[in-house]
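The values are calculated or read from the model by the stated rules, or taken from the named source; none is laboratory data. Since we're looking at a predicted model, the values are computed, not measured. So basically every Cβ, Gly included, is an ideal-geometry build from the backbone, and we count neighbours across all protein chains shown. The protein model used for the area step is the full one, side chains on, heavy atoms only, and it has no ligands, DNA or RNA in it. Shrake-Rupley method; radii C 1.70, N 1.55, O 1.52, S 1.80 Å.
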Amino acid sequence: MKNYISFNDNGVFLITALINSMIGYCLFGVVGVTFGILTVLFANIVYQAKDDSGNIFYMLFLLSLIIVGGAIGFILKLSIPFYLFLFLLSYFYYVTFNKDVYVDRIIPFFVIFSCMGTTLPSVSIELPLAYLTGVIVSLLMLTLLKRKKYDNAAFKNGLFAKGLYTSPDRLGLRAFIYSVFLFLSLAIPDYLGLYRVYWAPLTFIVLLRPLEVGIIKTTLSRFLGSILGAVFLFLMFHFVLFKNTYFDIVILVFVIFLMPTFLKLNYVLKTFAITVFVLLLLEETEFWHDPTYLLPYSRVYETLIGGSIAICASLVLKLARKVKIR
């Protein structure tokens, strides 16, 4: 693991997160800290889509669309129109996959924020402003610290390219199947009245990319990583966290520094790091003085639900690939 640790990746990520969170805190308080750290992860994943080039304006445009997804979820809630929206979005994701690497990385975040938006009881103007500020600061920092060749054709060859919406392959049936199962990954937890229902579709869309390769092994690895992350946080909450109010901050900073390294490792370690990163961040902002254990628990059982549905979808999609449509 130490071979993957370098200041170029880990140091830049940590510095960007610290500066972004401080700016966010000064402008928006604790909400600004949350989005300041979270948007660094989003921006870094998108920024690293291409090794040699990038277009900061195109990435800013796509990352800004994520908050639109959250707004759609908040307005529609878990209603029939929202499920129709989710179905069409996942259909679009399947058909356009592997044509623009930036769009490929943005859509899962868009789906996740849309599902998260349905759970919000109210929204203040600070939420979108904090998110957009975090995105802008993250991209500016990454551009200054990691200079890449400017991609002039990003808009032309990306989301606004005609070829993105057409395909010589007959993907209609498989895209429909994919959309149905993503629909179920949210509908089932919603029907059961589970806590934080967006974890299941998050798991599904991360596990089952349209390439449908190694899904069973990936699901088991991700589930194991989720369990380890949840158990780690549970032990923190029980024995250390909130007994020493600064210990959780130290752990979060440590995880932030190592995040680029974990993202390069296997699915178990990658999922472990993301679980600790996201859940600890949520615990700090939502339950600072009143810790809850529902988040780690929900992370485990909803990962199991989303992973199980992803496996079923993968099997059906493999059968669909053998169907010849004239």
**Request:** Give me the distance in nm between label points sitting 7 Å out from Cα along the Cα-to-Cβ direction at S53 and L18, one decimal.
**Result:** 3.5
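At 222 nm, what helix-only mean residue ellipticity would the chain give, in deg cm²/dmol to the nearest 500, using -39500 (n - 2.57) for each DSSP H run of four or more? Each step should come with its number before you reach the end.
Values: 13 runs with 229 residues, N = 326.
That comes out to -23500 deg cm²/dmol.
Based on the mean of other beta carbon atoms within 10 Å per residue, what is the order of 118-129, 67-78, most packed first? The partial results should precede the final answer.
Values: 118-129: 13.2, 67-78: 18.3.
So the peptides 118-129, 67-78, ranked by packing, come out 67-78, 118-129.
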**Asked** Roughly to the nearest percent, how much of the accessible area of the chain is carbon and sulfur, given a 1.4 Å probe?
**Response** 70
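Where the only charges are on Cβ atoms (+1 Lys, Arg; -1 Asp, Glu), what is the dipole of the chain about its Cα centre, to the nearest 20 debye? Working shown, then result.
Values: 26 positive and 16 negative charges, 289 e Å.
The dipole of the chain has a size of about 1380 debye.
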**Asked** Given the Cα-Cα distance of V231 and V316 and 0.36 nm per residue of separation, how much length would full extension add, in nm?
**Response** 27.3 nm
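For K264 and S124, what is the calculated FRET efficiency with R₀ set at 30 Å and r taken between the beta-carbons, to the nearest 0.05?
On the way: r = 37 Å, r/R0 = 1.23.
About 0.25, to the nearest 0.05.
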**Request:** For the chain, report the accessible area per residue in Å² (1.4 Å probe, heavy atoms, rounded to an integer).
**Result:** 48
**Prompt:** Taking Cα pairs under 8 Å and at least six residues apart, what relative contact order does the chain come out at, in percent?
**Reply:** 23
**Message:** Cβ neighbours within 10 Å, averaged per peptide: list 135-143, 184-192 in order, most packed at the top.
**Reply:** 135-143, 184-192
**Message:** For the chain, compute Rg over Rh where Rg is the Cα radius of gyration and Rh is the Kirkwood radius from the inverse mean 1/r over Cα pairs.
**Reply:** 0.95
**Message:** Please compute the length gained on full extension between L192 and I216, using 0.36 nm multiplied by the number of residues separating them and subtracting their Cα-Cα distance.
**Reply:** 6.2 nm
**Prompt:** Quick one: if the Förster radius is 22 Å, what FRET efficiency do F92 and K146 give, using the C-beta to C-beta distance and rounding to 0.05?
**Reply:** 0.15
